[in-house]
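Input: a single structure, listed below in structure tokens.
What follows draws every value from the coordinates through simple rules; no lab data is involved. Keep in mind that this is a model prediction, so the values were computed, not measured. Backbone-built Cβ (ideal geometry, glycine too); neighbour counts: all protein chains shown.
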Amino acid sequence: MAKNSSLNAASVAKQDEFYTQYKDIQNELNHYEKHFKDKTVLCNCDDPFESNFCKFFLRNFNYLGLKRLICTSYSTSSVVGKQMTLFDWMDEPVVTGNGYVMDIKEVPMANGRGVSDEDIDNLLKSKKSGVKKLKGDGDFRSEECIEYLKQADIVVTNPPFSLFREYVALLMEYDKKFLIIGNQNNITYKEIFPLIQQNKIWLGCKFGDMAFRVPDHYEPRATRFWIDENGQKWRSFGTICWYTNLDHEKRHEKLILYKNYYGNESDYPKYDNYDAINVNKVADIPKDYFECMAVPITYVDKHNPEEFDIINANDIRTNPETPVKGHGLIKDKDAVITTYAYKYDEIAKNSLTYVAEESHNYLTDRQTDRQTDRQTDRRITYARIVIRRKM
Ligand SMILES: C[S@@+](CC[C@H](N)C(=O)[O-])C[C@H]1O[C@@H](n2cnc3c(N)ncnc32)[C@H](O)[C@@H]1O
């Protein structure tokens, strides 16, 4: 299996226990501080005693000026009950089989200057933590968890990889603001890409490598797996990103472009089935072209809605036999380019460069890439997003 498809494999095998590091949460959240004042934050895949999302919002509760913090845990999470076996005040062990909820409206500080780890420990051990057993298992889709969702202003978490589509659908249904971790392959899902295309959701700031703690029972892997000096198992992925509908500065940064289309037309061949030119690298987007361009998926990380529109590829079909695709991308066998002017050898050589540039190799892309037909000089490109410069 290609190493970068292991995150997809995680969803297939339902390996959902990937625990996010505090520093990764902090680094991303730094870009959104202004959105949190007087808000109720929900972390709904987060054991209050274990999750760093919960810890981050407890530590920064007063600094961000939060109104309320709700964290719900899922019963089958392998960290439930690990950290704290007893609520002193409940005289009851934390058990698997039930989810737990922490619901707080204040975080007392011993020294008044900031929330310390000791403050958090004291809070979690006290009645003030508002921790209680849920009626059910804490599934984010359950009635009681949806009640919490309704009360939340912003949802922030790393949801289960295997339920990403459902998770986002629920956030959209309840019209919630959110900031969640996902993987770059999610961009191409037919349930996700149309939301990106319509600027209803976009990517956050971090795009690329991220390491996660995993439970003891996770099997070692040849790559992107290690055990640290404390015996903690880790996995990492090169394809992580954040999805959000909270505005941030990066999405208003201008793309610096230096290439020209006119004079270099043969570098930008047209698709057979779509009215667009192919651009192999984000850096190659020509600054003098105002029609549709099909660019790598990684473009989404650089998308500035004031500069470019993202176009639904179905709207620029030139061949009536090309089926309408739910995802709205150019990909698979319909992403063919047949042209005498197409410099196949040069592109094949460059493909090494753009694999590196995209820093991820979608399995499907690799498969489609293999479909290149050298005899007829027909080539199917990697999955592409169509963009058009705003006038
Ligand atoms: C990718 S892990 C992230 C955990 C935590 N949010 C973090 O970032 O450290 C996803 C978590 O969602 C939990 N989970 C799986 N299915 C769930 C469901 N249906 N409802 C709520 N949580 C679920 C898993 O047990 C796992 O702990």
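For ASN158, list long-range residues whose amide hydrogen, built 1.01 Å from N in the peptide plane, is under 5 Å from its own amide hydrogen.
ILE181
Would you mind pulling out the separation of the Cα centroids of region 188-224 and region 104-178, in Å?
21
Between beta-carbons, use under 12 Å as the cut-off and find the net charge around ILE387, counting Lys and Arg +1, Asp and Glu -1. Kindly include the intermediate steps, with their values, before the conclusion.
Details: positive: LYS302, ARG384, ARG388, ARG389, LYS390; negative: GLU291, GLU307, ASP309.
Summing Lys and Arg as +1 and Asp and Glu as -1 gives +2.
Tell me whether region 103-183 comes out rounded, prolate or oblate; compute the Cα gyration tensor, take square roots of the eigenvalues as a ≥ b ≥ c, and use a/c under 1.5 as the rounded threshold.
On the way: a/c = 2.33, a/b = 1.81, b/c = 1.28.
Note, shape of region 103-183 comes out prolate.
To make sure I understand, if each residue's beta carbon is the centre and we count other beta carbons within 10 Å, what order do LYS270, LYS150 fall in, fewest to most? The partial results should precede the final answer.
Values: LYS270 20, LYS150 10.
Lowest to highest Cβ neighbour count: LYS150, LYS270.
Once you wrap a convex hull around the alpha carbon atoms of region 234-301, what is its projected area averaged over all directions, in nm²?
7.1
Between rounded, prolate and oblate, where does region 143-225 land on the alpha carbon gyration tensor, with a ≥ b ≥ c its root eigenvalues, rounded for a/c under 1.5, else prolate if a/b exceeds b/c? Numbers along the way, then the final one.
Numbers: a/c = 2.19, a/b = 1.42, b/c = 1.54.
Cα axes put region 143-225 in the oblate bin.
For every other residue with a beta carbon closer than 9 angstrom to the beta carbon of TRP234, add +1 if it is Lys or Arg and -1 if Asp or Glu, then tell me the sum. Mind dumping the intermediate values first?
Details: positive: ARG213, ARG224, LYS233, ARG235; negative: ASP228.
With Lys, Arg at +1 and Asp, Glu at -1, the net is +3.
With θ taken as phi - 60° and the coefficients 6.51, -1.76 and 1.60, list the Karplus ³J(HN,Hα) couplings across region 228-241 in order, rounded to whole Hz; mark glycine and proline as x.
Per-residue couplings from phi come out as 7, 5, 8, x, 6, 7, 9, 10, 9, 9, x, 10, 8, 8 Hz.
Over region 136-197, what is the relative contact order in whole percent, taking alpha-carbon pairs under 8 Å and six or more residues apart? The partial results should precede the final answer.
Numbers: 48 pairs, mean separation 18.8, N = 62.
Rounded, it is 30 percent for region 136-197.
Using Cβ counts within 10 Å as a stand-in for footprinting exposure, how do TRP234, TRP226, TRP242, TRP202 rank, fewest first?
On the way: TRP234 17, TRP226 13, TRP242 26, TRP202 22.
By the 10 Å Cβ count, ascending, the order reads TRP226, TRP234, TRP202, TRP242.
Apply 1/(1 + (r/R0)^6) to the Cβ-Cβ distance of ARG141 and LEU255, taking R0 = 51 Å, and write down the FRET efficiency to the nearest 0.05.
Values: r = 38 Å, r/R0 = 0.75.
Taking R0 as 51 Å, the efficiency between ARG141 and LEU255 is 0.85.
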